[in-house]
């Protein structure tokens, strides 16, 4: 019986690593080089070092440079902007010194109610002139045409034309904003920032002790069935006006919520959980601090991993486009406090998983704790068979 017990304990101890409770990363199965190996998982394992961070920054700058252009569908010069009248707009037309041609507003009538409504066929009726097509024309063009036609009935008419009510063209703002809705385009050009301001800005509310904010990094602009992503965080915090596009009739601006823009911290930390990325940035040090830091009684600070699933774009190589969509695992040796400088400079992406490994001695202790009940059961069995 003693031999059986010793043999069983020996087998259990030799397999202690495999039996240790909790998760662990088997680095031997991951790629340590850039070349794929068919015998191993197609996951790159990259150390977090100063040189690696420099390469990541260079790759990010290269990608931003590659994408530093506006899609042709969104290119427009606001300096040359002109409002063009469309059906359902209301025009207020004044001919000076000819009050009989100016529709009286009346005491209880607004300019919009007393003006000339552009009919569905794009025309309006005006005395002496009759029906005149105005749809698609600027205010200057309509004024010039009315002046020309009225000059046949009066010398040098002085005509003033303005839009008293903008009803024809709208931009729609939806999602996590204070006042979602349709906003009329007027003679003042409406850009992305203008539309968000009209909608009251991003909405913030508290749900279950978590702040649910708008994801300003992934604002979506839909135009003519095509969707464009806008990084409003860069626009607001960095003053990058490159993506402050001039909006057009029918544009849909959607601000998604921030609930998917989070990272997960697991393993030997004091408070594992998920944490929202605020203001577009969260470093590895931020995530560790949000989780309460390492559990110093059990953490192996030499094995801190950032697991990136591949669903988002990675910048871990100079030729980052070749590895887009592939999973990667970054490893930080945080056994010395100065390694937290690297952690502070390593920027996390949405859906990253930070995992802090268990110290080997703790893993063995947990195994022995599991074995103690087995040993006691064997001892009780021996006592009963005597």
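Please treat every number below as a calculation from the coordinates, not as lab data. Nothing here was measured: the structure is a model prediction, and the numbers come from that model. Positions of Cβ are generated from backbone atoms using ideal geometry, with glycine treated the same way; all protein chains shown enter the neighbour counts.
Under a crude label model (7 Å from the Cα following the beta-carbon direction), how far is residue 100 from residue 131 in nanometres?
Each label point lies 7 Å from its Cα, and together they span 2.5 nm.
Using a cut-off of under 16 Å, list every residue of the range 244-264 whose amide N is near the label point 7 Å from the Cα of residue 227 along the Cα-to-beta-carbon line.
Under cut-off, by backbone N: 251-261.
Neighbour counts of other C-beta atoms within 10 Å: give me 153, 198, 275 arranged from fewest to most. Can you show the working numbers first?
Values: 153 12, 198 16, 275 19.
With the fewest neighbours first, 153, 198, 275 line up as 153, 198, 275.
Limiting things to C-alpha atoms, what are the Rg and the maximum Cα-Cα separation (Dmax) for the range 86-165, in angstroms?
12.0, 34
Tell me, 353, 177, 134 in order of fewest to most beta-carbon neighbours within 10 Å?
Working: 353 18, 177 21, 134 26.
Ranked by crowding around the Cβ, least crowded first: 353, 177, 134.
Tell me the Kirkwood radius of the range 147-255: reciprocal of the mean inverse pair distance over distinct alpha-carbon atoms, in Å.
On the way: mean 1/r = 0.0620 Å⁻¹.
Roughly 16.1 Å, rounded to one decimal.
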